[in-house]
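I have placed the structure first, in the form of structure tokens, so that the comments after it can refer back to it.
The values are calculated or read from the model by the stated rules, or taken from the named source; none is laboratory data. A quick note: this is a predicted structure, and the numbers were derived from the prediction, not measured. All Cβ positions, glycine included, derive from the backbone under ideal geometry; neighbour counts span all protein chains shown. Calculation scope for accessible area: heavy atoms of the full protein, side chains included, ligands and nucleic acids excluded. Shrake-Rupley method; radii C 1.70, N 1.55, O 1.52, S 1.80 Å.
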Amino acid sequence: MSVRDAFEARTLIITIDGPAGTGKSSVAHRLAKALGLEFLDTGAMYRAASVLAMEEGIDPADGGRLAQRLRERRIAFDWRADPPRILLDRTDVSRKIRLLAVSEIVSIVAACPEVRAVLIEAQRRLGAEHPRLVSEGRDQGSVVFPDADVRFFLTASPQVRALRRLEQLRGQGMDATLEAIEQDIRRRDALDSTRAVGPLVCPVGATVIDSTGLTMDEVVARMVAVVQRVGTSIEVAPEPVA
Ligand code: DC
């Protein structure tokens with residue numbers, strides 16, 4: 001068996017944790033492409049749970065009821081698309097989950113322990129079904145896949161994260177000041193790292209990458225180098241990163 005075949009045959013779970021605004025999702029998608037792995041966006045699952053709450057008129061803070069409906073309905077991915085499309089039952093909700101109305105309630109939904117329990121279980125199941133995976137989300141290396149082959153913690157300065165968020169908002173036709181966004185990021189970081197359920201922590205043994213001052217390609221290149229160091233038999237797909 002060639003080195004390449006060995007790489008393709010083995011299971012490989014890579015996790016990327018970190019706060020919002022660090023470019024986790026784009027980095028995870030590119031890293032998955034560079035290594036020929038699949039990509040799991042767990043934030044999309046919390047967003048789909050929020051869509052379900054909106055559709056059924058469930059209070060986003062009513063974690064018990066929402067978790068029960070999540071068990072009855074099904075959040076799944078269509079892995080044939082790249083990035084995979086997210087389905088609620090059989091309906092593609094990939095566009096809906098990005099609506100502002102969803103963004104406004106998703107942090108309430110994600111703070112419900114009952115909802116987290118259902119989605120963590122679903123994520124572990126997906127990891128078992130798709131064992132060659134880059135999984136991105138704030139608790140993937142710390143809680144969901146603590147035995148992942150490689151764990152990353154992606155950070156960036158509050159200023160850089162605020163700037164990225166401002167560009168994103170302007171792209172959506174909304175306005176805000178950099179100062180207000182940065183203040184909000186600092187406030188949320190403090191809340192996030194001290195909250196009782198699923199606080200944001202750096203996973204044990206994670207490689208910390210500070211993306212302040214780095215391009216997305218540079219972040220991905222550093223990650224590829226770490227993955228190659230960890231698994232010396234791992235080869236990287238020859239295609240350039242898109
Ligand atoms: O990355 P995102 O903006 O799509 O995440 C949506 C929300 O879900 C955000 O409030 C963080 C939260 N989240 C979480 O609590 N745990 C995860 N594994 C992924 C996202």
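If R95 satisfies every condition in (1) open to solvent by 40 Å² or more (accessible area, probe 1.4 Å); (2) at pLDDT 95 or above but one, which is the exception?
(2)
In region 193-242, what residues are of a type in the set (D, E, K, R) and either modelled with pLDDT under 80 or part of a loop (DSSP other than H, G, I, E, B) (or both)?
R195, E235, E239
Within region 122-138, track down each residue that is in contact (Cβ under 8 Å) with a residue 12 or more places away in the chain and either open to solvent by 10 Å² or more (accessible area, probe 1.4 Å) or away from the ligand (no atom under 12 Å from the Cβ) (or both).
Hits for region 122-138 are A122, R124, L126, G127, H130, P131, R132, L133, V134, E136, R138.
Just name the residue that is farthest from the ligand (Cβ to nearest atom) out of those in region 6-53 that are more than 23 Å from E121 (Cβ to Cβ), open to solvent by 20 Å² or more (accessible area, probe 1.4 Å) and among the small types (G, A, S).
Filtering first and then ranking leaves A6.
Which pairs do you get when a residue that is more than 24 Å from A61 (Cβ to Cβ), found in region 185-214, comes within reach of a residue that is polar (S, T, N, Q) and in a helix (DSSP H, G or I), reach meaning Cβ atoms under 9 angstrom, with the pair 6+ apart or on two chains?
That search, which allows pairs on different chains as well, returns C202/S142; P203/Q140; P203/S142; V204/S142; A206/S142; T212/Q159.
Which one of these does S103 not meet: (1) surrounded by fewer than 15 Cβ atoms within 10 Å (Cβ to Cβ); (2) more than 29 Å from I13 (Cα to Cα); (3) within 13 Å of the ligand (Cβ to nearest atom)?
Of the numbered conditions (1) surrounded by fewer than 15 Cβ atoms within 10 Å (Cβ to Cβ); (2) more than 29 Å from I13 (Cα to Cα); (3) within 13 Å of the ligand (Cβ to nearest atom), the odd one out for S103 is (2).
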